[in-house]
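Working notes, beginning with the structure itself.
Bear in mind that the values in this text are calculations on the coordinates, not laboratory data. Computed from a predicted model, the values in this text were never measured in an experiment. We place every Cβ from the backbone using ideal geometry, glycine too, and count neighbours over all the protein chains shown.
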Amino acid sequence: MPLQPNDSPGFLLWRATLRWQRGITKALEPLDLTHVQFVLLACTWWLNAQDRRPSQVELAGFAGTDVKMTSTVIRGLEVKGFVRRELDPDDARTFRLRVTRAGGRLAPKAIDVVEEVDRRFFVAVPHRDVIRVLGGLAGSATDR
């Protein structure tokens with residue numbers, strides 16, 4: 001008997017990811033953030049809270065995003081007044097990122113919104129199982 005699409009883990013992951021992404025997109029619309037803007041703002045906010053001012057390359061590595069796309073999205077967040085790019089005093093080719101006061105107010109609100117979508121989406125699976133399975137599937141940063 002031939003394999004059916006719903007017997008394929010990859011196909012099911014694709015469908016689940018699309019459903020989850022639609023929920024995130026809808027939830028972030030009132031905050032005027034795209035999903036990738038949210039991820040990069042939240043990661044920058046978190047790193048800043050750890051007394052780190054990442055470069056755009058470091059942020060891309062941390063978030064698992066493409067470096068060029070990260071640069072484009074960060075410029076958009078800067079235009080919106082949520083992130084500031086500042087030249088690194090030790091390397092004029094490098095920008096260091098800092099969340100602005102407005103971005104610092106928005107990031108935790110956006111995180112709460114996304115966490116609520118996650119809670120509803122994964123309600124049928126114990127949290128520790130979701131983290132274990134997705135952590136394994138995501139792999140380590142060195143897998144990229």
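Annotations for the structure displayed:
- Normalising the average separation of contacting C-alpha pairs (under 8 angstrom, six or more residues apart) by the number of residues puts the relative contact order of segment 32-113 at 34 percent.
- Sorting the segments 74-81, 34-41, 117-124 by their residues' average number of neighbouring beta-carbon atoms within 10 angstrom, most packed first, yields 34-41, 74-81, 117-124.
- Here the chain is treated as a sphere whose radius is the Kirkwood value from Cα pairs; by Stokes-Einstein at 25 °C and 0.890 mPa s it diffuses with a coefficient of 146 µm²/s.
- 3J(HN,Hα) along segment 39-44: 4, 6, 5, 5, 5, 5 Hz, from the Karplus curve 6.51 cos²θ - 1.76 cosθ + 1.60 with θ = phi - 60°, whole Hz, x for Gly and Pro.
- Positive minus negative residues near Ala92 (Lys, Arg vs Asp, Glu; Cβ under 15 Å): -1
- Nearest-20 debye value, segment 32-113 charge dipole, Cβ charges on Lys, Arg, Asp, Glu: 240
- Farthest toward positive dipole pole in segment 32-113 [+1 Lys/Arg, -1 Asp/Glu at C-beta], among Ala63, Gln37, Gln50: Gln37
- Our note on the geometry: Cα centres of segment 1-30 and segment 87-111, 32 Å apart.
- Listed by chain and number, the lysines whose C-alpha is less than 22 Å from the C-alpha of Lys109, apart from same-chain residues fewer than 8 away, are Lys26, Lys80.
- Evaluated at q = 0.14, 0.30 Å⁻¹, the base-10 log of the normalised Debye intensity for segment 26-78, with identical point scatterers placed on the Cα atoms, takes the values -0.33, -1.21.
- Only Lys, Arg (+1) and Asp, Glu (-1) charged, at Cβ; the chain dipole about Cα centre in debye: 300
- Considering segment 32-113 at the alpha-carbon level, its Rg and Dmax are found to be 11.5, 37 Å.
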